[in-house]
Amino acid sequence: MHLLRVYCVFCMIPVLFRAQYRSSFDFAVFQDAKANPYIETYLTFDAKRFTLNQNHIRLKIKTHIASVDTLIRFEYQVNHTKGHTSENFLDVQRYFVKPGNFQIKVWVSDSNKASGETDVFTDSVWINQATLYKLSQIEFLESHEKSPLKHPLQKFGVKLLPFSSSVFGIQKSQLKYYQELYFKQAADTSNFFIYRYFISDLYTGKTLDGLSGFKKIKGACIYPMLMQLPLQNVYSGRYVLTTQLVNSENTVIAQTQKPFIREAGEVLDNRLETKFFSRLNNADTLKLLLESLWPLAGESQKTQIINQSLRKDPKLMKQYIVQFWQNRCADTADPVISWAAHYTKLQSAMRLFKCGKQPAYYSDRGRVYMQYGPPNQRTQQANEENTYPYEIWQYYRLYDASNGQFFSNRKFIFVNQMLGDDCFKLIHSDMRGEINNPRWQFEITRRNNNGLYNPDNTTPAGTENNQFRDLYNNPR
């Protein structure tokens, strides 16, 4: 397989580095005018975290690009003269390859240090055979500028400085990226296409408001696309940038996606912080308040709650709680008032739904109470013959705080099968998204499996005089 190293570039750039890394890595796949694909790799180094010897940093870079039938091994030395502690520098390489499935592995070691840590990056990429229509991979950018002079980082008259990270921190107000569109047929140069783009939540797939759009373009051998999308109002979480090429029949003929992480911690206004927390700064209490958002949170938000809970940083937990309510309320409600109502509900849940050492909002009854509010009817049966203690909740009109939807006439059944504690398990509900068990009667009945193995039977033998069926149909 033919390998061509085109260039090696060093630039001084400000880059966000996560604490555990001295360098960051990314890559993208493009093709030239003759449809020959190449892998472009980007390494950014945090100068202040490498060993300095006579004002020089010396790094050893080793790259393996392997497919089923080929292994490309490439080693080289990077030398950098350090001017001041804030400098970072960039290395870009280009490798021409044939279509195939490739595993990429890169090692970065400090030549000025006899032994020490090595940054190791691994990834994979599938490079398809040339097709009639194709989108290159997406290259995130630190910056770009028009450049009439030739430069190794220049493409179509624009100097592109790569952002070799998938983490966009608070200082990143925009997501900038570069992509190329390829049209194989000469006839397409007279046809028009739609280039569509949008950012969506990685877990829910929901497109973010104000972060989608399209452009009408005319076909070309290589059509460069330089874009930037605002991130000021993007909440911390995991997202994916999707780009599509659409023909005149509104059919998607090519699509590319690239995931990224948004870490949007913000400095709280002192007055707003006081409204939310008064003088509270205890990490354990703030952790409890943060975790109490769990019943209201979407999947990506739950991931952030877990991360912030593990960090247990009072400042970051406060920031997250305030951001959660600001984003939730938007322009429709006062976040402070909504937070106060939530806190009142939390106090009730903590008092009513104890479950051993488990916080109430993680117990089934507490979670349902926090997510849907107090039931209109709550039937409690602690001593009915032949049954475990159980509760039946009915909502005449229910508001799901996790997604803002309303429902009518919904029921929940909880049972305490352990008896030694006060933990009730949700065994059945007719609410969408909750556990649904048409044979819930067998879960309530104690030590009575008579009839359990008949799938058509929903009435355990010997319970004809029990009340749970009547209480479910007519809660009181």
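This table checks each residue for (1) surrounded by 15 or more Cβ atoms within 10 Å (Cβ to Cβ); (2) touching a Ser or Thr at 6+ places or on another chain (Cβ under 7 Å); (3) more than 18 Å from V252 (Cβ to Cβ).
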position: I127; (1), (2), (3): yes, no, yes
position: L135; (1), (2), (3): yes, yes, no
position: E139; (1), (2), (3): yes, no, yes
position: E142; (1), (2), (3): yes, no, yes
position: E145; (1), (2), (3): no, no, yes
position: K215; (1), (2), (3): no, no, no
position: Y223; (1), (2), (3): yes, no, no
position: Q228; (1), (2), (3): no, no, yes
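Given the criterion closer than 30 Å to S23 by Cα, in contact (Cβ under 8 Å) with a residue 12 or more places away in the chain, open to solvent by 20 Å² or more (accessible area, probe 1.4 Å) and over 27 Å from the mean Cα position of the chain (by Cα), identify the matching residue among K159, K172.
None of the others qualify; the one that does is K159.
Looking at region 413-421, is at least one residue surrounded by fewer than 18 Cβ atoms within 10 Å (Cβ to Cβ) and among the acidic types (D, E)?
Looking for residues that are surrounded by fewer than 18 Cβ atoms within 10 Å (Cβ to Cβ) and among the acidic types (D, E), one finds at least one in region 413-421, hence yes.
How do the pairs read when you match residues in region 96-115 that are more than 11 Å from A66 (Cα to Cα) and acidic (D, E) with residues anywhere that are surrounded by 14 or more Cβ atoms within 10 Å (Cβ to Cβ) and modelled with pLDDT under 90, using Cβ under 6 Å and keeping only pairs 6 or more apart or on different chains?
Once the first residue is more than 11 Å from A66 (Cα to Cα) and acidic (D, E) and sits in region 96-115, its partners that are surrounded by 14 or more Cβ atoms within 10 Å (Cβ to Cβ) and modelled with pLDDT under 90 give D110/F50; D110/T51.
Can you say whether K206 is open to solvent by 70 Å² or more (accessible area, probe 1.4 Å), farther than 17 Å from K134 by Cα and not acidic (D, E), as far as the supplied structure shows?
In short, yes.
Among the residues of region 79-92, which ones are modelled with pLDDT of 90 or more and either open to solvent by 20 Å² or more (accessible area, probe 1.4 Å) or of a type in the set (A, V, I, L, M) (or both)?
Scanning region 79-92 gives a single hit, V92.
Report the residue count in region 285-305 for those that are touching an Asp or Glu at 6+ places or on another chain (Cβ under 9 Å) and open to solvent by 10 Å² or more (accessible area, probe 1.4 Å).
So the count comes out to 3.
So is K354 surrounded by 14 or more Cβ atoms within 10 Å (Cβ to Cβ), at pLDDT 90 or above and not polar (S, T, N, Q) or not?
no
Given the criteria out of contact with any Lys or Arg (no Cβ under 8 Å at 6 or more places or on another chain) and under 23 Å from D430 (Cβ atoms), does P359 qualify?
no
State whether one or more residues within region 240-249 are out of contact with any helix residue (DSSP H, G or I) (no Cβ under 6 Å at 6 or more places or on another chain), modelled with pLDDT under 95 and surrounded by fewer than 15 Cβ atoms within 10 Å (Cβ to Cβ).
Within region 240-249, one or more residues are out of contact with any helix residue (DSSP H, G or I) (no Cβ under 6 Å at 6 or more places or on another chain), modelled with pLDDT under 95 and surrounded by fewer than 15 Cβ atoms within 10 Å (Cβ to Cβ).
State whether one or more residues within region 366-376 are without any contact (Cβ under 8 Å) to a residue 40 or more places away in the chain, closer than 20 Å to L296 by Cα, in contact with a Ser or Thr (Cβ under 9 Å, 6 or more places away or on another chain) and surrounded by fewer than 19 Cβ atoms within 10 Å (Cβ to Cβ).
yes
Among residues belonging to region 250-259 that are over 21 Å from the mean Cα position of the chain (by Cα) and surrounded by fewer than 17 Cβ atoms within 10 Å (Cβ to Cβ), point out the one that is nearest to N128 (Cα to Cα).
Among residues in region 250-259 that are over 21 Å from the mean Cα position of the chain (by Cα) and surrounded by fewer than 17 Cβ atoms within 10 Å (Cβ to Cβ), the one nearest to N128 (Cα to Cα) is I253.
Can you say whether E384 is in contact with a Ser or Thr (Cβ under 7 Å, 6 or more places away or on another chain) and either surrounded by 14 or more Cβ atoms within 10 Å (Cβ to Cβ) or at pLDDT below 90 (or both), as far as the supplied structure shows?
For E384, the condition - in contact with a Ser or Thr (Cβ under 7 Å, 6 or more places away or on another chain) and either surrounded by 14 or more Cβ atoms within 10 Å (Cβ to Cβ) or at pLDDT below 90 (or both) - is not met.
Assess whether S165 counts as being open to solvent by less than 60 Å² (accessible area, probe 1.4 Å), modelled with pLDDT under 90 and either of a type outside the set (K, R) or touching a strand residue (DSSP E or B) at 6+ places or on another chain (Cβ under 8 Å) (or both).
Taking the combined requirement at face value, the residue satisfies it.
For L272, are the conditions met, namely being surrounded by fewer than 19 Cβ atoms within 10 Å (Cβ to Cβ) and hydrophobic (A, V, I, L, M, F, W, C)?
In short, yes.
Got at least one residue in region 316-331 being open to solvent by 30 Å² or more (accessible area, probe 1.4 Å), more than 20 Å from D400 (Cα to Cα) and in contact with a helix residue (DSSP H, G or I) (Cβ under 9 Å, 6 or more places away or on another chain)?
Yes: one or more hits.
Out of the helices (runs of 4 or more DSSP H) lying entirely within region 242-351, which hold 2 or more residues that are within 30 Å of F163 (Cβ to Cβ) and of a type in the set (D, E, K, R)?
Of the helices (runs of 4 or more DSSP H) lying wholly inside region 242-351, those with at least 2 residues that are within 30 Å of F163 (Cβ to Cβ) and of a type in the set (D, E, K, R) span 299-311, 314-329.
For region 230-239, name all the residues that are surrounded by fewer than 18 Cβ atoms within 10 Å (Cβ to Cβ) and either modelled with pLDDT of 95 or more or polar (S, T, N, Q) (or both).
Q232, N233
Within region 282-308, which residues are modelled with pLDDT of 90 or more and touching a Lys or Arg at 6+ places or on another chain (Cβ under 7 Å)?
A283, L286, K287, W294, P295
So, of the residues in region 175-194 that are under 24 Å from D26 (Cβ atoms) and not aliphatic (A, V, I, L, M), which turns out to be most open to solvent (accessible area, probe 1.4 Å)?
The residue in question is K176.
The values are calculated or read from the model by the stated rules, or taken from the named source; none is laboratory data. Keep in mind the model is a prediction, meaning the values are calculated, not measured. A quick note on method: Cβ atoms are made from the backbone with ideal geometry, for glycine too, and the neighbour counts reach across all protein chains shown. Areas reflect the complete protein model, heavy atoms only, side chains present, ligands, DNA and RNA absent. Shrake-Rupley method; radii C 1.70, N 1.55, O 1.52, S 1.80 Å.
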